[in-house]
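Okay, so here's the structure we're looking at.
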Amino acid sequence: MSSGTSVNVESPGPGFSNDPLHMLGSNPDLNFNLCDFVTQDVNNADILLLEFVVKLQSLYGEANMTSNVHLLLHLAKSVKLWGPLWAHSAFVFESGNGKLLQLVKGTKGVAKQVVNKFLLYKAIPLFKEIHNIKTSIAEFCTKLTDYPKLQASDKSNGITLLGPGYVQSSLGQEEQTLFREAGKEIPSTLVVYSRMVVNGQKYESKGYTRPVKTNNRIVEVTGQRMGEIIKIARSNATIENEIIIFLKMFDIEQRQDIAGSVSHITMCSEYKRARLVVLSATDIVCKCIFICFGQTAYICKFPNVYERD
C-alpha cells in the first residue's frame, strides 16, 4: 500500500464476510507498525494481529490461512527489532530487480548483459566530471541518468499542474454560487486541469479519464474534513492565479464499535450524495484510502509519507 496513492477497495466476493469490522480490526496494528516512529503501541498491535489471525479462519475458511497470514504474527517483532515496516520493506529491492530486468535484451549471457549495462550506467556521471565535454553532450548524459521530465506542466504557487489544461470560458450558476459561499471572487474564466502535484503528492480529479489502478481523488483538507476532488482549475480572479479545487465534501462520523482502536478510520454515510464546495488547493493536507462496502464507505489516513510502492 503506497502513500503515493489511495485505493478503492470494493466489497469482498461470495463466501466472505460483508462486515468490514474484521478487516478494519487488522488496520490499527498495521497502522502502528507503519507510523513514522515506533511507540508502545506496537505491543497493542501484536495482540490485535493475533486476534485477527485467530478469527480469520472461522470467517473466511481454512483455505485462506496462507503463509502470508502466518507472517502477520511476526510483524510486531520485526518492528521492535528493525523499526517501522517502511524502513525495511522489500518493495525497494523488488523495484531494483525490476530495473535490472530491463537491462536484459537477449537470451544469451544474461548475467554479463546486466553487469556491463549497469557499470556503463554508473560510469556516465563520472564521464562528465573527468572529461572536458561540450554542453550538449553533458546535457545528453544527464538526460540518460536523470528522472524523466514532465512533458506538459505549469507551476503556480508551489503547485504543479499536469497536462495542457483547457479553458472554461463561462461559469454556470451553481459554480458561481459555490465561489460566493467560499468567499472567493467569481472568475470570468477557468483553466481546468485533471492532475496536479502538491507537496510531492500527485492528485487527480474525477474528470481524469485515463484508466488507472489507483484512486488519487480522496483527500483530507484543513479542518479535518474529507472529500473527493471533482475538478482542478486555475482561477483568473486573483493576481496570483489561485489554484482551486471543486471538492465533494463527505459527511463523516466515527463508528462507536471501532472508534476505540481505529482512530485513523472514519465512516462516510450517504457518500454518494455529498455536497460540493470550492477550496484552495493549498487546503489539501494529504491523500486518503477509500474503502467501499456497498452503500457505506470508510476513509483511512496514511500512516506515513515515506513509502512509494
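The values are calculated or read from the model by the stated rules, or taken from the named source; none is laboratory data. As the structure is a prediction and not an experimental result, all values here were calculated from the model. With ideal geometry, Cβ positions are generated from the backbone for all residues, glycine too; neighbour counts draw on all protein chains shown. When the accessible area is computed, the model is the full protein with side chains, heavy atoms only, and any ligands, DNA or RNA have been set aside. Shrake-Rupley method; radii C 1.70, N 1.55, O 1.52, S 1.80 Å.
Structure above, values below:
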{"item": "Leading residue by the ranking (farthest from residue 175 (Cα to Cα)) among those in the range 273-292 that are open to solvent by 20 Å² or more (accessible area, probe 1.4 Å) and not aliphatic (A, V, I, L, M)", "result": "286"}
{"item": "Test for residue 50: is it at pLDDT 85 or above and outside any helix (DSSP H, G or I)", "result": "no"}
{"item": "Qualifying residues in the range 185-205 (those that are within 14 Å of residue 159 (Cβ to Cβ) and either β-branched (Val, Ile, Thr) or more than 27 Å from the chain's Cα centre (by Cα) (or both)) - the one surrounded by the fewest Cβ atoms within 10 Å (Cβ to Cβ)", "result": "197"}
{"item": "Those residues of the range 163-174 which are open to solvent by less than 40 Å² (accessible area, probe 1.4 Å) and without any contact (Cβ under 8 Å) to a residue 24 or more places away in the chain, in sequence order", "result": "171, 172"}
{"item": "Test: residue 155 is part of a strand (DSSP E or B), open to solvent by 100 Å² or more (accessible area, probe 1.4 Å) and not aliphatic (A, V, I, L, M)", "result": "yes"}
{"item": "Residue under evaluation residue 188, criteria (1) touching a Lys or Arg at 6+ places or on another chain (Cβ under 9 Å); (2) at pLDDT 90 or above, criterion not met", "result": "(1)"}
{"item": "Filtered residues of the range 216-245 (kept if open to solvent by less than 10 Å² (accessible area, probe 1.4 Å), touching a Ser or Thr at 6+ places or on another chain (Cβ under 8 Å) and in a strand (DSSP E or B))", "result": "218, 226, 229, 232, 243, 244, 245"}
{"item": "Output for the range 92-111, where each listed residue is closer than 23 Å to residue 141 by Cα, in a helix (DSSP H, G or I) and open to solvent by 100 Å² or more (accessible area, probe 1.4 Å)", "result": "99, 101"}
{"item": "Odd one out for residue 160, checked against (1) assigned to a helix (DSSP H, G or I); (2) surrounded by 10 or more Cβ atoms within 10 Å (Cβ to Cβ)", "result": "(1)"}
{"item": "Filtered residue count, the range 112-134, keeping only those that are aromatic (Phe, Trp, Tyr) and open to solvent by 100 Å² or more (accessible area, probe 1.4 Å)", "result": "1"}
{"item": "Matching residues, the range 230-245, being out of contact with any Leu (no Cβ under 6 Å at 6 or more places or on another chain) and not hydroxyl-bearing (Ser, Thr, Tyr)", "result": "230, 231, 232, 234, 236, 237, 239, 240, 241, 242, 243, 244"}
{"item": "Test result for residue 209, farther than 27 Å from residue 251 by Cβ and of a type outside the set (Gly, Ala, Ser)", "result": "yes"}
